[in-house]
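A short write-up of the structure that comes next.
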Amino acid sequence: MPVLNEERHLRNSVRHILEQEYDGEMEVVIALGPSTDRTDEIAADLVRETASLERARVHTVPNPTGRTPAALNAAIKASRHPIVVRVDGHGMLSQNYIATAVRLLEETGAQNVGGIMHAEGENAWEDAVAAAMTSKIGVGNAAFHTGGEAGPAETVYLGVFRREALEQQGGYNEEFIRAQDWELNFRIREAGGLIWFSPELKVQYRPRPSVKALAKQYKDYGRWRHVVARYHAGSINLRYLAPPAAVCAIAAGLVVGALVTPWGFVVPAGYLAAIIAGSLPAGKGLSLKARAQIPVALATMHMSWGFGFLTSPKALARKVIASRRPAVRTASVRP
């Protein structure tokens, strides 16, 4: 578990792991970044509370950089079992998640299996973001967001890995502050490994709590997805190009509308109409306050992702290429 400033969700996230009905041995390794809240204190309590357990103990390792891929590599290195289950500090595993994932690894021969990033909010804004993140107008046809049939996939949410797959690839590339999952899964697929998506696997996810936090999250997503595209030729597709294309079209429409002809405003007006229309089915069953905020969440996600993609500096790709891959040698669940 890569953890940074997760006092709000960490204990509940670990509880969902410890309550898994799994017959094999299990350990929880939390990589602690430089948090400024009570995360370290909560983690220490969890270590103390599970010290007497035989089946599943919690222990921690330091991650002074605070970077997610460095945290993952540190936690994997400190663990000891041949299957690794990635869990985030704000992710809640569904019942039988681990047992199902291990079964799917055996049945499919995959190197990594994963499922649905099931976003759920705790207030109106988070409900709006969750609706946007699980709708096709928000994230396209990404199965790990919107669901779908089981089968081979480009990438999956979080993931349950075979140890040898991580060893073969040298773990997560620590230069990828974001998009490290996609980049690792691309390398696994390039080496002939299978990435398997199954809707049987579900992880409850808590959305970012504000517009500002959501904008930063998606700007970083776009920025680092462009780095992956530079680093791995042929890894881009039309779904990833839609947000930057929308940003360019809306910007051009606003300029033309302001300086040349009012007809230029048709493009941004059309986009606004589209996200309002798309928010109607996405918000089914939510409160009026949440439904009213879905277009804001959609626009924030699209525009931030597109802006991040367009402004991603080439220097980031050069740094990644120069660094190559870190090494990793362990994992954390025993079948």
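The values are calculated or read from the model by the stated rules, or taken from the named source; none is laboratory data. Everything numeric in this text was worked out from a predicted model, so none of it was measured. As a convention, Cβ positions derive from the backbone with ideal geometry for all residues, glycine included, and neighbour counts pool all protein chains shown. The area values use the complete protein model at the heavy-atom level, side chains included, leaving out ligands, DNA and RNA. Shrake-Rupley method; radii C 1.70, N 1.55, O 1.52, S 1.80 Å.
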Quick check on the chain: of the DSSP beta bridges with both residues there, what percent are antiparallel, nearest 5%? 45
Once phi is turned into ³J(HN,Hα) by the Karplus curve 6.51 cos²θ - 1.76 cosθ + 1.60 with θ = phi - 60°, what whole-Hz value does each residue of the range 25-31 show in order, with x for glycine and proline? 5, 8, 9, 10, 10, 9, 8
What FRET efficiency, computed as 1/(1 + (r/R0)^6) with R0 = 30 Å and r the Cβ-Cβ distance, is obtained for residue 277 and residue 314, rounded to the nearest 0.05? 0.20
The range 197-220-the range 137-196 distance, computed between alpha-carbon centres (Å): 16
Taking only Cα atoms of the chain, radius of gyration then Dmax in Å: 20.5, 73
Those GluC sites (Glu not before Pro) in the range 140-225 that DSSP places in a loop and that have at most 12 other beta carbons within 10 Å: 149
Looking at the P(r) of the range 17-109, how many percent of alpha-carbon pairs lie beyond 21 Å? 35
Determine which lysines satisfy two conditions relative to residue 314: a Cα distance under 17 Å, and not lying fewer than 8 residues away in the same chain. 219
With a 1.4 Å probe and every protein chain kept in, tell me what percent of the accessible surface of the range 71-164 is carbon plus sulfur. 47
With every protein chain present, what is the per residue accessible area of the chain (1.4 Å probe, Å²)? 45
Simple spin-label model, 7 Å along Cα-to-Cβ: residue 103 to residue 216 in nm? 4.1
Apply the membrane-span-like helix rule to the chain: whole DSSP H runs, Cα extent along the own long axis of at least 18 Å, mean Kyte-Doolittle hydropathy at least -1.0. List the helices found. 211-231, 238-259, 266-282, 288-310
Taking each pair of distinct Cα atoms in the range 155-195 once, what is the resulting Kirkwood hydrodynamic radius in Å? 10.3
What is the extension gain from residue 19 to residue 48, computed as 0.36 nm multiplied by their sequence separation minus the C-alpha to C-alpha distance, in nm to one decimal? 8.7 nm
Expected max-MSF residue from 98, 83, 42 in the GNM of the chain (alpha carbon, under 10 Å) is 42
Compute the length gained on full extension between residue 150 and residue 200: take 0.36 nm times their separation in residues and subtract their Cα-Cα distance, giving the result in nm to one decimal. 17.2 nm
Which values, in whole Å and largest first, are the semi-axes of the equivalent ellipsoid of the range 222-317 obtained as the square root of 5 times each eigenvalue of the Cα gyration tensor? 27, 21, 10
What would the Debye formula give as log10 I(q)/I(0) at q = 0.18, 0.21 Å⁻¹ for the alpha-carbon point model of the range 69-220, no solvent? -1.14, -1.47
Size of the range 144-237 as Cα extents on the principal axes (Å, biggest first): 40, 33, 25
Assuming R0 = 41 Å, what is the FRET efficiency of residue 123 and residue 55, from their Cβ-Cβ distance, to the nearest 0.05? 0.70
Within straight-line cross-link reach of residue 284, lysines at Cα separation under 24 Å, skipping those fewer than 8 residues along the same chain: 136, 202
Quick shape check on the range 90-134: root eigenvalues a ≥ b ≥ c of the Cα gyration tensor, a/c under 1.5 is rounded, otherwise prolate if a/b tops b/c, else oblate, and it reads prolate
Proximal aspartates and glutamates relative to residue 77, as straight alpha-carbon distance under 15 Å, when same-chain residues fewer than 8 apart are discounted: 27, 164, 167, 174
